[in-house]
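These notes concern the structure reproduced below.
Please treat every number below as a calculation from the coordinates, not as lab data. Predicted, not measured: the structure shown is a model, and the values here were computed from it. A quick note on method: Cβ atoms are made from the backbone with ideal geometry, for glycine too, and the neighbour counts reach across all protein chains shown.
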Amino acid sequence: MLLDYQSILDTIHREVQPLLREGKVADYIPELSKVSPGRFGMAVYCLDGRTFSAGDADVKFSLQSITKLFALALAFSREGDVIWTRVGREPSGNPFNSLVQLEYERGIPRNPFINAGALVITDILATRFVQAEIAVLQFVRMLADEPAIDFDRIVAQSEQDTAHRNSAIAYFMKDFGNLHNPVASVIGSYCRQCSITMTCAELAKAGSFLAQHGTIPWSGMEILDASSAKRLNALMLTCGTYDAAGDFAYRVGLPAKSGVGGGILALMPGDASIAVWSPGLDATGNSLAGTYALERFTTLTARSIF
Ligand code: GLN
């Protein structure tokens, strides 16, 4: 059944207004703190080609951890199951930048969506490609059919200048033998990858292959086989929103990946992909208004994976 997503998006856009000042914009990456917390955008990309949007859906924002999904999809498509010898598939139950589990789990990160796991994925890409972050950038340009997508070099530099915790994580993993390239180059690639900017409309389109069982809906190109796409969707559901993944699944009921730039990409397998952006974050680092918007979306449409 075709739903009129436009009136639902307009309703949500109205409903989120009081929430837009409640979240806290990330400031541990100084450059990110300059974004106005009042922004809100949402876009839906239907697998039949229809698109819907509301608010700031055409404003670019910093993807941050959402790039971990694209980096993982690229690494998984090229390397296959061997990546799971270096990174796990369990929720961490800890903040995304935590160090604590790494020591007693001997340098093997819990999953590819916490910073430690994403650094291992960057390392895997750095071994395979001349420059890991360029490979990820070209991958998302192709997925969104948008060659102008780029890094934000000021955000990348800002993160790199303050990347003390991520560097500690990387050195720790290197000590356990789980980082093969030099720490400085992995951190540099990771910070540039995280700085990629996109609009909600571009992001929803770029993620649509994961809603279409691994195949780009508008070109028919297979990125992952259906079984691998199922596995990435499962990881998004269990680990994609950090230590809030359980509560996010309870409230929204969709696989999703969030970033501290305030974006969230959520998937309705077989139906559509949805991108939402609002930079004010809740205590776990997920967009406060964005999570609410997705909760309202699955409630108003009565569609989720459950
Ligand atoms: N670049 C950010 C970091 O490493 C990404 C974190 C996030 O979006 N949760 O801290």
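Quick notes on this one:
- Inter-centroid distance (Cα atoms) of segment 102-162 relative to segment 231-296, Å: 19
- Ranked list, fewest to most other Cβ atoms within 10 Å of each Cβ, for SER189, SER62, SER167: SER167, SER189, SER62
- In terms of distances greater than 32 angstrom between alpha carbons, the cross-link table entries LYS174/LYS205; LYS34/LYS174; LYS34/LYS68 yield LYS174/LYS205; LYS34/LYS174.
- Sorted by Cβ neighbour density within 10 Å, fewest at the top, the residues THR238, THR11: THR11, THR238
- Nonlocal amide H pairs with ALA272, under 5 Å, H built at 1.01 Å: LEU47
- Overall form of segment 132-178 per C-alpha gyration tensor (a/c, 1.5; a/b vs b/c): oblate
- For a straight C-alpha distance cut-off of 16 angstrom, the aspartates and glutamates reachable from LYS257 (same-chain residues fewer than eight places away being disregarded) are GLU90, GLU202, ASP243, ASP247, ASP282, GLU295.
- The residues LYS257, LYS34, LYS68, when put in order of fewest to most other Cβ atoms within 10 Å, stand as LYS34, LYS257, LYS68.
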